[in-house]
Amino acid sequence: MRSNVGSKPIGISLKFSFLFSIIQFENSCAENYTGYLEDNVFSVYDQEDNYIFSTAMGVSEGDRYISENNIEYVIELVKEEKAVARKLNKIDLLEGIEMKANVVPPLAVGNNKLVAIYHTHNDESYLPGPYSIEGEGEGEIHEVALALEKALNNKGIKTIYSESMHLPHDGAAYERSRATAIDLVKKKPDAIFDLHRDAVPRKEEYLKTIKGKTISQIRIVLGRQNPNRKVNDQFARYLKAIADRQYPGLIKDIFYGHGSYNEQVSPHLLLYRIWYTCYYKRTGTGQCSDVSWSDPASIICW
C-alpha cells in the first residue's frame, strides 16, 4: 500500500468542491484506437425498444439506472443479453439530500483531504482478452489508478493507493477485497474508490468531447444489497450533480446493480467503472503496440 502526501493545499471556495480526475485523449488519437472486446455485454432498451445503455456487468430485474440526462429507469425484464427498462421520471439529483454531518460530501470543506483507491478485480485490462495478458496478475486498470493518483496529487489531494491483489477474478473477489476496503477505512479517507473497467466494445458508448477534449466517461455503480445504500446514493448523486453543472457528461450515469460491492463499509465508498481509458492500436499481429496515454486532466467542480 502506497501513501502519497503531497503538501500543496487545495483552494476551497465557499461552495462544496470535489476533484475528478480523468484520462484525456487527443481527438486525433481517439479515432485510431480500438478497445478490448468483451463477451456477455448487456444492452438495455425502453418499453418502446429505444436503446438506453450497455454494460459488461450483469443486469437483473429490479436494477435501476439514472441516465446522463438524469432520467431514472427500472429494469423489468432480462432475456439473454437484452433487458427492458421502464422509464420513471426525470429526477433532481439533490432532492432529499440531507446535509448532515454523516452525509456531507467528503471533499466539501477544508484542506488536507485524503482519497483511497483500490481494485477488487486487479486483472481487468484494456488489452485483447478477458483480463490481463497472462490471465492473472495486474491488468491495465492499475495504470488508470496511477494516472488518477497523479492527478489528485497534482491538485494537492493526498492519496492512499492499495495494490493488494484479490485474484482470481471470480464470485468471491468482493469477499477478498472487503478486507482491503476495511483496512483503508481505518486510514480515515474522505473518499474511497474501487476502480474497474467497463468493457463495452463500442467507443460511442463512452467517448465524449468536453471543452474540446475527448474523454472517457465514468459510470458510478451502487449496490442494491448495501444496507446503508442511502448515504452512498446521496454521495453518488451529489458528485454527478456538481459534475453535470461544471463538466456535463463527465459522469455518464449511475447504475444500481444486484450486489453490495463492499460499499456498506463506508458511506463514501463508490465503485467507478472507467471505460476505455486505455486503447491499443491494431497491428498485423493483433498484439498491443504503442499504447497511448495523455496527461490526466484534473477537474475541480464547485
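The values are calculated or read from the model by the stated rules, or taken from the named source; none is laboratory data. Predicted model only: the values in this text are computed from it and were never measured. Note that we place each Cβ from the backbone using ideal geometry, even for glycine, and neighbour counts take in every protein chain shown.
Remarks
- Candidate set: segment 43-70, residues that are modelled with pLDDT under 95 and not small (G, A, S); chosen: the one nearest to P201 (Cα to Cα): T55
- Enumerated strands (runs of 3 or more DSSP E) restricted to segment 173-262, each holding at least 2 residues that are within 12 Å of the chain's Cα centre (by Cα), crowded, with 19+ Cβ neighbours inside 10 Å and of a type in the set (A, V, I, L, M, F, W, C): 191-197, 218-223, 251-257
- Residues (buried (at least 22 other Cβ atoms within 10 Å of the Cβ) and modelled with pLDDT under 85) located in segment 263-298: I274, W275, Y276, T277, C278, Y279, Y280
- Contact annotation: residue pairs with Cβ atoms under 8 Å, 6 or more positions apart or on different chains, pairing a residue in segment 60-84 that is without any contact (Cβ under 8 Å) to a residue 60 or more places away in the chain with a partner that is in a loop (DSSP other than H, G, I, E, B) and of a type in the set (G, A, S), are Y73/S67; V74/G62; I75/S60; I75/G62; V78/S60.
- Residues that are crowded, with 17+ Cβ neighbours inside 10 Å, in a loop (DSSP other than H, G, I, E, B) and at negative phi, drawn from segment 68-84: E68
- Among the residues listed as R237, R224, R245, the single one being without any contact (Cβ under 8 Å) to a residue 60 or more places away in the chain and either touching a strand residue (DSSP E or B) at 6+ places or on another chain (Cβ under 6 Å) or closer than 18 Å to I66 by Cα (or both): R245
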